[in-house]
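Reading through the structure tokens given below for one structure.
The values are calculated or read from the model by the stated rules, or taken from the named source; none is laboratory data. Bear in mind the structure is a predicted one, so any value in this text is a computation, not a measurement. Here the Cβ positions follow ideal geometry from the backbone for every residue, glycine too, while neighbour counts run over all protein chains shown.
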Amino acid sequence: MGSTGMLNNSTTICAPLMAQSVEQMVKDMHQAKAEGAQVVEIRLEHIKNFQPHQDIQIILKNKVLPVIIVYRPKSEGGRYEGDEQSRLEALHLATEMGADYVDFELKVASDLIWEQKMKDGSATKFIVSCHINAMTSSDEELNNLAASIRATGADIIKMAANVTDITEIARIFHLLSHCKVPIIAYSAGERGLISQLLCPKFGGFLAYGSIEGNSIPGMPSLYSVIHTYKLGYLNSETKVFGLVSKPVGHSKGPLLHNPIFRHENFNGVYVPMFVDNLKEFFNIYSSHDFPGFSVGFPYKEAVVEFCDEVHPLAESIGAVNTIVRRPCDGKLIGYNTDCEAAITAIEDALKEKRCTGNEVALGSPISGKLFALVGAGGAGRALAFGAKSRGAQIVIFDIDFGRAKSLACAVSGEARPYEEVVNFQPEKGSILANATPLGMHPNTDQRIPVAEATLGDYELVFDAVYTPKKTRLLKDAEAAGAIIVSGVEMFLRQAIGQFNLFTGREAPKELMREIIMAEF
Ligand SMILES: O=C1C[C@@](O)(C(=O)O)C[C@@H](O)[C@@H]1O
């Protein structure tokens, strides 16, 4: 398996195929090729009424890509429940018929491979696979396991790991980068995703992606590994940026940052990082390979204590959404790009209206206005400090009244109990901002409980939620006649700020706007 011209590394993109008929397997193989796969893994155990000789022959005769034959028993995470002898015979048959790769499980591999190698001296390469528990296996144990797999005569080692925390993936990276023979090692699932996306950086032999219309739980799609994360461009020098959040799958960050890195010829990749424990995460991923992070819900406030230095604006807000590792000493510096992003988005929308109404713009259009803010978490704090800096009068609601009070105190505003949101009567021309996650995909029918009748009294309504672009709150506010500003605008602007901090370069703003608008 060679690389296609585009590749910058030796990792091959593989599509596992699990069709129920041999004809469909062949069709899926064509589809996988059209979608950019370079090899397919044929899971024989999914074929109904499997006829080993005939079916393997059809697959190999019609193959348009190199083929890995797998016939996995239930005990090893597959579906095969028949007798072991028949299973092994089918794998031998695949070898004799010239499959490019045949996968044997470690427990049966040893004798079989040598026997097969002696017998036919065929060109088939042998993958020997096993499951590992990354939490309980030390680096040394994993190295020893790799050596014993190699001793079976394996050409390629494969380890599928269970991880319970993203920090365990570091052991997989260690294994990939230290192993002298071709190795596949990864973990499925949200917490394991970076093992799949970063394997070209650490020298993994295969990266997996599912074909369209046949998604595989815990595995990225072929489309995303090739087009979003552009795995073909990764190499050992690639810098890894990540969104530290929980949950993390909703973020549009990878769709925005990755194409911009490529466009700017910047050797970086931006990946979702599902983090459970901030302290352990920053302890483990402490090298210059990981020079920057976005910070999302719910960690924007908690992360402050893990920064070595915090920019004065972020410090006064008490929330960090961007972290940069200083090249000279590796220290983590925390910033907040949310604050200016949200406030300038609101100001620009008000200015635009004033321009069209021929009003003369003096100072910030937010100055002196009542700014009703719902949500006093990380995003809410950024909005409150931004509004304060522009001279607004701030009223804060939060389900945690204590949290609302402490933010109100910090911005010389007023805290009100959350139950009062529904009766709150703003003066005409006020601004309403939602900084809670209410209305975020998939709960798109939710919104903060502001009374329908008062929505039209706000001059402008802003929602920090950006999936969907027009939340239920914004739809209702628009219908009531308010100017609306989507969280997409804040998202874009905070990401522009992050690009500047991550790379030390000026972000291509218009291109970033085009990319993100095309996503909605
Ligand atoms: O609030 C957000 C959104 C975000 O968490 C995301 O979903 O990509 C990324 C953060 O940098 C930003 O402050």
**Asked** Looking at (1) more than 23 Å from Leu145 (Cβ to Cβ); (2) within 16 Å of the ligand (Cβ to nearest atom); (3) buried (at least 19 other Cβ atoms within 10 Å of the Cβ), can you tell me which one Ile194 breaks?
**Response** (1)
**Asked** When segment 148-185 is examined, which residues are found to be surrounded by fewer than 21 Cβ atoms within 10 Å (Cβ to Cβ), within 19 Å of the chain's Cα centre (by Cα) and assigned to a loop (DSSP other than H, G, I, E, B)?
**Response** Thr164, Asp165
**Request:** Report the residue count in segment 274-293 for those that are closer than 17 Å to Gln498 by Cα and either touching a helix residue (DSSP H, G or I) at 6+ places or on another chain (Cβ under 6 Å) or among the acidic types (Asp, Glu) (or both).
**Result:** 1
**Prompt:** Among (1) surrounded by fewer than 23 Cβ atoms within 10 Å (Cβ to Cβ); (2) within 16 Å of the ligand (Cβ to nearest atom), which single condition is Val269 missing?
**Reply:** (1)
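The rows are residues; the columns are (1) at pLDDT 95 or above; (2) touching a Pro at 6+ places or on another chain (Cβ under 7 Å); (3) assigned by TED's automatic domain parsing to the domain that holds Asp457; (4) under 17 Å from Arg416 (Cβ atoms).
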| site | (1), (2), (3), (4) |
| --- | --- |
| Leu350 | yes, yes, yes, no |
| Thr356 | no, no, yes, no |
| Ala361 | no, no, yes, no |
| Leu370 | yes, yes, yes, yes |
| Ala376 | yes, no, yes, yes |
| Ala382 | yes, no, yes, no |
| Arg390 | yes, no, yes, no |
**Prompt:** In segment 196-224, which residue that is of a type in the set (Gly, Ala, Ser) and part of a loop (DSSP other than H, G, I, E, B) is farthest from Met29 (Cα to Cα)?
**Reply:** Gly203
**Message:** Would you confirm whether or not segment 291-305 contains a residue that is of a type in the set (S, T, N, Q), closer than 27 Å to Ser224 by Cα and within 15 Å of the ligand (Cβ to nearest atom)?
**Reply:** yes
**Asked** Quick one: in segment 4-63, which of the residues that are at pLDDT below 95 and not hydroxyl-bearing (Ser, Thr, Tyr) is farthest from the chain's Cα centre (by Cα)?
**Response** Gly5
**Message:** Just the residues that are within 15 Å of the ligand (Cβ to nearest atom) and touching an Asp or Glu at 6+ places or on another chain (Cβ under 6 Å), please, taken from segment 380-396.
**Reply:** Ala382
**Request:** Could you pull out the residue among Lys239, Lys230, Lys201, Lys246 that is of a type outside the set (A, V, I, L, M, F, W, C) and on the phi > 0 side of the Ramachandran plot?
**Result:** Lys230
**Message:** Checking Lys469 against (1) buried (at least 22 other Cβ atoms within 10 Å of the Cβ); (2) in contact with a Phe, Trp or Tyr (Cβ under 6 Å, 6 or more places away or on another chain), only one condition comes out false. Which one?
**Reply:** (1)
**Prompt:** Wholly within segment 1-99, which helices (runs of 4 or more DSSP H) include no fewer than the required count, namely at least 1 residues that are closer than 15 Å to Leu222 by Cβ?
**Reply:** 22-34
**Complete:** Within segment 125-147, the count of residues that are buried (at least 20 other Cβ atoms within 10 Å of the Cβ) and assigned to a loop (DSSP other than H, G, I, E, B) comes to 1
**Item:** Cβ-Cβ under 6 Å pairs, at least 6 apart or on other chains, segment 124-140 side on the phi > 0 side of the Ramachandran plot and touching a residue at least 60 places away in the same chain (Cβ under 8 Å), far side assigned to a strand (DSSP E or B) and not hydrophobic (A, V, I, L, M, F, W, C)
**Value:** none
**Message:** So Val248 ticks every box in (1) within 27 Å of Gln24 (Cα to Cα); (2) in contact with a Gly (Cβ under 8 Å, 6 or more places away or on another chain); (3) assigned to a loop (DSSP other than H, G, I, E, B) but one. Which box is left unticked?
**Reply:** (1)
**Item:** Output for segment 186-195, where each listed residue is in a strand (DSSP E or B) and among the small types (Gly, Ala, Ser)
**Value:** Ser187
**Which numbered condition Lys107 misses (of (1) more than 16 Å from Ser129 (Cβ to Cβ); (2) surrounded by fewer than 18 Cβ atoms within 10 Å (Cβ to Cβ); (3) among the charged types (D, E, K, R))** = (1)
**Fill in**
The one condition Ile226 fails out of (1) out of contact with any Asp or Glu (no Cβ under 8 Å at 6 or more places or on another chain); (2) β-branched (Val, Ile, Thr); (3) touching a residue at least 24 places away in the same chain (Cβ under 8 Å) is (1)
**Message:** For a quick check of your reading: which strands (runs of 3 or more DSSP E) sit entirely within segment 430-513 and have at least 2 residues that are within 16 Å of the ligand (Cβ to nearest atom), modelled with pLDDT of 95 or more and touching a strand residue (DSSP E or B) at 6+ places or on another chain (Cβ under 6 Å)?
**Reply:** 430-434, 458-463
